[in-house]
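Structure first, then comments.
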Amino acid sequence: MRKNFVEELKWRGMLAQMMPGTEELLQKEMVTAYLGTDPTADSLHIGHLCGIMMLRHLQRCGHKPIILVGGATGMIGDPSGKSQERNLLNEETLRHNQECIKRQVSKFLDFESKDENAAEMVNNYDWMKDFTFLDFAREVGKHITVNYMMAKDSVQQRLNGTARDGLSFTEFTYQLLQGYDFLYLYQHKNCKLQLGGNDQWGNITTGTELIRRTLGYENEAFALTCPLITKSDGKKFGKTESGNIWLDPKRTTPYKFYQFWLNVSDDDAEKYIKIFTSLEKDVIDALVEEHKQDPGRRVLQKRLAEEVTTMVHSREALDAAIEASSLLFGKSTKEGLEKLDEQTFLDVFDGVPQFEVSKDQLGQPAIEFFTTVAPVFPSKGEMRKMVQGGGVSLNKEKLTDQNRPVTAEDLIDGKYLLAQKGKKNYYLLIVR
């Protein structure tokens with residue numbers, strides 16, 4: 001018996017809308033379904049994860065997922081939920097981005113499976129690049145009326161002045177292009193279902209309509225969307241002060257990625273663990289119950305952060321992120337600091353007070369260095385007292401002699417010193 005994909009999405013809070021007949025189709029046969037993603041960067045970010053997890057659940061329920069990289073549509077821009085047009089990309093950049101995205105998505109979907117529901121990646125540039133404007137107008141444009149296109153919410157919002165620049169013809173045709181993708185995949189891949197975020201409902205249903213009007217009304221295609229994920233305070237999910245949380249470790253370190261999930265609120269943790277992990281319902285219910293007994297232990301956040309970091313990066317990256325997290329809270333050594341790559345080191349100590357020091361000031365006794373060169377302490381007397389009480393560390397090692405020189409040998413990565421007074425007060429010295 002095939003696992004029920006719709007039921008799976010429902011209990012996970014991942015179902016917003018679906019066309020009548022969708023669930024019956026999924027129960028009746030193996031369904032090929034696709035989800036489009038935008039290739040305007042060489043990495044996905046966590047805003048894409050809900051859609052990718054939908055495809056993962058789809059495949060695990062025995063259906064076939066197709067991820068469509070919008071090479072052609074990425075050259076245009078989608079008006080849905082956007083207040084301005086996108087940057088347009090060249091083909092070389094699009095191909096590079098596509099390869100990077102496939103590497104990331106292959107951690108969630110099985111492209112290598114010998115079964116008939118192996119995942120596939122397609123790029124709509126491949127079937128759009130030789131399609132002339134005249135052919136498109138004749139074969140696609142004639143089937144969908146302007147009245148139908150105008151009625152879509154995404155078009156209305158742009159026309160009614162919520163965006164300063166109105167709506168270009170290029171963007172207006174976007175829903176026809178996306179509709180044609182669905183028609184093409186329906187004809188060439190027997191793809192009967194399109195998945196997407198709820199802001200895509202208008203574009204997706206244009207596709208189902210185009211299939212019926214082009215091929216005849218007995219040809220049925222279906223739509224299913226997931227809700228747009230928000231935080232419990234109503235703000236957009238996945239954005240931080242410093243921007244997106246990316247899946248690429250070069251853009252967002254695994255440490256920072258892990259910390260993002262670890263620091264979500266209790267309400268969000270309960271919601272996100274259903275959406276962004278593959279844990280079964282009974283496991284999640286038990287975790288929620290355990291969390292309620294003692295919220296201070298943050299059981300839900302820890303398990304959520306572990307699962308997502310392992311899935312996106314690796315078990316090793318998770319272990320390194322956990323080890324880096326412990327640096328701020330005591331038990332660590334200089335070796336531990338030196339093991340971190342530079343970006344993770346800077347991420348861990350992001351926000352602590354910093355001093356810039358020139359190399360020629362090295363060699364001075366610690367008591368001079370930390371009161372005059374980099375005034376971690378307001379006075380020598382205070383520093384003396386703290387050193388005697390064992391409350392001062394340099395690079396996580398207790399400073400026992402206030403007159404010991406601070407030298408180039410102390411530098412981490414050849415340019416950093418980490419001073420600590422008391423348990424929680426850190427200072428980062430950057431030596432240039």
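The values are calculated or read from the model by the stated rules, or taken from the named source; none is laboratory data. The shown structure was predicted, so the numbers you read here are calculated from the model rather than taken from an experiment. Here Cβ is always computed from backbone atoms with ideal geometry, including for glycine, and neighbour counts include all displayed protein chains. Just the protein is used for accessible areas: all its heavy atoms, side chains included, with ligands, DNA and RNA removed. Shrake-Rupley method; radii C 1.70, N 1.55, O 1.52, S 1.80 Å.
Which of the residues belonging to region 331-365 are polar (S, T, N, Q), open to solvent by 70 Å² or more (accessible area, probe 1.4 Å) and either in contact with a helix residue (DSSP H, G or I) (Cβ under 8 Å, 6 or more places away or on another chain) or under 15 Å from residue 252 (Cα atoms) (or both)?
If the condition is that a residue be polar (S, T, N, Q), open to solvent by 70 Å² or more (accessible area, probe 1.4 Å) and either in contact with a helix residue (DSSP H, G or I) (Cβ under 8 Å, 6 or more places away or on another chain) or under 15 Å from residue 252 (Cα atoms) (or both), then 343 is the only one that fits.
Sort out which residues of region 96-138 are open to solvent by 50 Å² or more (accessible area, probe 1.4 Å), of a type in the set (Ser, Thr, Tyr) and outside any loop (DSSP other than H, G, I, E, B), and write them in order of number.
none
So residue 220 ticks every box in (1) open to solvent by 70 Å² or more (accessible area, probe 1.4 Å); (2) more than 23 Å from residue 68 (Cα to Cα); (3) touching a residue at least 24 places away in the same chain (Cβ under 8 Å) but one. Which box is left unticked?
For residue 220, the failing item is (2).
What's the number of the condition residue 262 fails, among (1) over 14 Å from the mean Cα position of the chain (by Cα); (2) more than 25 Å from residue 60 (Cβ to Cβ); (3) open to solvent by 40 Å² or more (accessible area, probe 1.4 Å)?
Only one criterion in (1) over 14 Å from the mean Cα position of the chain (by Cα); (2) more than 25 Å from residue 60 (Cβ to Cβ); (3) open to solvent by 40 Å² or more (accessible area, probe 1.4 Å) is unmet by residue 262, namely (3).
Residues being over 21 Å from residue 154 (Cβ atoms) and either open to solvent by less than 30 Å² (accessible area, probe 1.4 Å) or more than 13 Å from the chain's Cα centre (by Cα) (or both): count how many of those fall in region 29-68.
25
Do we find a residue being at pLDDT 90 or above, polar (S, T, N, Q) and open to solvent by less than 20 Å² (accessible area, probe 1.4 Å) anywhere in region 168-177?
no
Look at residue 158 and say whether it is outside any loop (DSSP other than H, G, I, E, B), over 21 Å from residue 5 (Cβ atoms) and open to solvent by 20 Å² or more (accessible area, probe 1.4 Å).
no
Quick check on residue 152: is it open to solvent by 60 Å² or more (accessible area, probe 1.4 Å), modelled with pLDDT of 80 or more and charged (D, E, K, R)?
no
Counting only residues that are among the aliphatic types (A, V, I, L, M) and touching a strand residue (DSSP E or B) at 6+ places or on another chain (Cβ under 7 Å), how many does region 233-265 have?
2
State the number of residues belonging to region 208-263 that are in contact with a His (Cβ under 9 Å, 6 or more places away or on another chain), in a loop (DSSP other than H, G, I, E, B) and at pLDDT below 90.
Looking only at that region, the number is 1.
Please enumerate the residues belonging to region 408-432 that are closer than 16 Å to residue 361 by Cα and open to solvent by 50 Å² or more (accessible area, probe 1.4 Å).
408, 409, 415, 432 - these are the residues of region 408-432 that are closer than 16 Å to residue 361 by Cα and open to solvent by 50 Å² or more (accessible area, probe 1.4 Å).
Can you spot a residue in region 377-390 that is in contact (Cβ under 8 Å) with a residue 12 or more places away in the chain, assigned to a loop (DSSP other than H, G, I, E, B) and open to solvent by 10 Å² or more (accessible area, probe 1.4 Å)?
No, region 377-390 contains no residue that is in contact (Cβ under 8 Å) with a residue 12 or more places away in the chain, assigned to a loop (DSSP other than H, G, I, E, B) and open to solvent by 10 Å² or more (accessible area, probe 1.4 Å).
Among the residues of region 282-309, write down those that are touching a residue at least 24 places away in the same chain (Cβ under 8 Å), open to solvent by 60 Å² or more (accessible area, probe 1.4 Å) and within 17 Å of residue 11 (Cβ to Cβ).
Matches in region 282-309: none.
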